[in-house]
Amino acid sequence: MTELERRYRWLLRAYPRAYRQYRADEMLETLLATADDPRRPSLREAASLVVGGLRARTGVDRLGSRSALGYSALRLSALSLLVYGLTQRAGGPLGVLVTMLSEGPYNPGAWWFIVIPALLTIALFAAAWGSYRLAFAAAILTVAAQHASANGWDLSAWFSSVYDLQDAMLPQFWPALLASLALLRLLRAPRTPVARPWAWPVLGALAVVALAPSPINGWLDAPLMSLCAFAALAVITAPVDARMPIVASVLLLAPALAQATYLLGSRQAGWPVDISITAILVLAAVMASTLAAGTIAGRRQARM
Amino acid sequence: MREPTYFILAALQDEPLHGYAIVKRAQELSDGRVRLTTGTLYAALDRLTGEEMVRVAEEAVVNGRARRTYELTQRGMSALTAEAERMAAAASVVRNRSVRPMAAGRVVPA
């Protein structure tokens, strides 16, 4: 085996094993025949193999049409929103547990802090397995539970004043609502077999451990920083998978809508608005760049 | 249809070819403009095979390695012809433009 062949074989490891078993020999022959430099692969060829391999791993290559890419992005958005929502709400059960251990029985009204994450978990599992009806029902119940926890069960008071918007001013209100809208659209989407359904609950659990305020991470509260980091990563990976920046844009809608509601509510109620215009501009710029990257990469990947 | 896809289909219109031959033929047909990388070529072949525009004509073992030869299907030929006609129609808008005399400039009185 020559040095060039050994290097090409190493680069071909970017492709999934099953794909390599089918294609590697054939690709290797073409690579060796087209090589300009007999010692090492060109940068262009190496980049093409890495991007091609990663795209084969994500499965975006197999989506085929623009609508299939759109539905896949919608499914990923719904699942990501549910994971994000769970990270925002997972501090609740931990808080209840810590308080119960230190101060005895907890305030019964605080059971919302357990009900809401439980409903989000059901929605996440159901969506991961492709049961969109159950996932949609659980997401809608989450929205209702969030509103009830903020406003109580007196339905007449729910939409009577601007103060009812108080729960919508928090970013943790929006993931369940946005996910339910995405799931509503998915109810009418053509059914496709769901690959690796366990991946999303596992990802959710990891995200909760890493991001949810808890004694493990010192009760850190930096969800927006995490979203911006994800958005930056999504823009970089757009040439590999156009769905990533689309998902990032949808996730960023949660804090954006919360800030918009806060501004609207504060203006109507006559409250002083203590929000930095720079923060709004940064959020808008990040959203615009992710959306642009998603649109450009999506058009390119959907074209044959 | 993207240019690399167009020239991959065009390369296969005369005879079935294997990967390296497709790269070379596409480069010849495009006057050296389309230089397919192996990653791009096989991603396109996977997609075109999935769309039933291209199929494997022959599988052989050469120098101990599998070598597949690809050929155009009827569907692939139709898509290629349709794309060529679309581009020809677009080109005719410029090529067949009747030469109109430039409007005489108005003489502005001094």
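The values are calculated or read from the model by the stated rules, or taken from the named source; none is laboratory data. What you see is a predicted model; the values in this text were computed from it and never measured. Neighbour counts are summed over all protein chains in view; Cβ atoms, including those assigned to glycine, are modelled from backbone coordinates with ideal geometry.
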> If you take the residues in the stretch A:59-70 that are within 19 Å of A:A248 (Cα to Cα) and either in contact with a Cys (Cβ under 7 Å, 6 or more places away or on another chain) or surrounded by 19 or more Cβ atoms within 10 Å (Cβ to Cβ) (or both), which one is farthest from the other protein chains (Cβ to nearest Cβ)?
Replying inline: A:L69
>> Looking at (1) surrounded by fewer than 19 Cβ atoms within 10 Å (Cβ to Cβ); (2) free of Cβ contacts under 8 Å to residues at least 40 places away in the same chain; (3) at the interface with another protein chain (Cβ under 9 Å from one of its Cβ atoms), which one does B:R67 not meet, given that it meets all the others?
In response: (2)
> How many residues are surrounded by 17 or more Cβ atoms within 10 Å (Cβ to Cβ) and outside any loop (DSSP other than H, G, I, E, B) if we restrict to the stretch A:24-48?
Replying inline: 13
>> For the stretch A:19-41, give me each residue that is of a type in the set (S, T, N, Q) and in contact with a helix residue (DSSP H, G or I) (Cβ under 9 Å, 6 or more places away or on another chain).
In response: A:T30, A:T34
> Considering only residues of the stretch B:1-23 that are more than 8 Å from chain A (Cβ to nearest Cβ) and of a type in the set (D, E, K, R), which is farthest from the chain's Cα centre (by Cα)?
Replying inline: B:E15
>> I'm trying to understand the selection: among the residues of the stretch B:32-63, which are within 8 Å of chain A (Cβ to nearest Cβ), over 16 Å from B:R2 (Cα atoms) and not aliphatic (A, V, I, L, M)?
In response: B:T38, B:G50, B:N63
> A:D61 fails exactly one of the following numbered conditions: (1) within 21 Å of B:V34 (Cβ to Cβ); (2) in contact with a Phe, Trp or Tyr (Cβ under 8 Å, 6 or more places away or on another chain); (3) in a helix (DSSP H, G or I). What is the number of that condition?
Replying inline: (2)
> With (1) surrounded by 19 or more Cβ atoms within 10 Å (Cβ to Cβ); (2) touching a Gly at 6+ places or on another chain (Cβ under 9 Å); (3) closer than 23 Å to B:E59 by Cα as the list, and A:A56 as the residue in question, which single condition is left unmet?
Replying inline: (2)
>> Which condition from (1) out of contact with any Leu (no Cβ under 8 Å at 6 or more places or on another chain); (2) modelled with pLDDT under 75; (3) crowded, with 18+ Cβ neighbours inside 10 Å is the one that A:P213 breaks?
In response: (1)
> Is it true that A:V240 is more than 23 Å from A:G85 (Cβ to Cβ) and touching a residue at least 60 places away in the same chain (Cβ under 8 Å)?
Replying inline: yes
> Is at least one residue of the stretch A:15-37 in contact (Cβ under 8 Å) with a residue 40 or more places away in the chain, closer than 21 Å to B:T40 by Cα and within 12 Å of chain B (Cβ to nearest Cβ)?
Replying inline: yes
>> I'd like to verify a number: residues in the stretch B:1-38 that are part of a helix (DSSP H, G or I) and touching a residue at least 60 places away in the same chain (Cβ under 8 Å), how many?
In response: 3
> So which pairs qualify, if the first residue must be in the stretch A:83-105 and in a loop (DSSP other than H, G, I, E, B), the second must be at pLDDT 80 or above and of a type outside the set (D, E, K, R), the Cβ gap must be under 6 Å, and the two must be at least 6 apart or on different chains?
Replying inline: A:A90/A:P117
> Do we find that A:L170 is buried (at least 19 other Cβ atoms within 10 Å of the Cβ), out of contact with any Asp or Glu (no Cβ under 6 Å at 6 or more places or on another chain) and modelled with pLDDT under 85 in this structure?
Replying inline: no
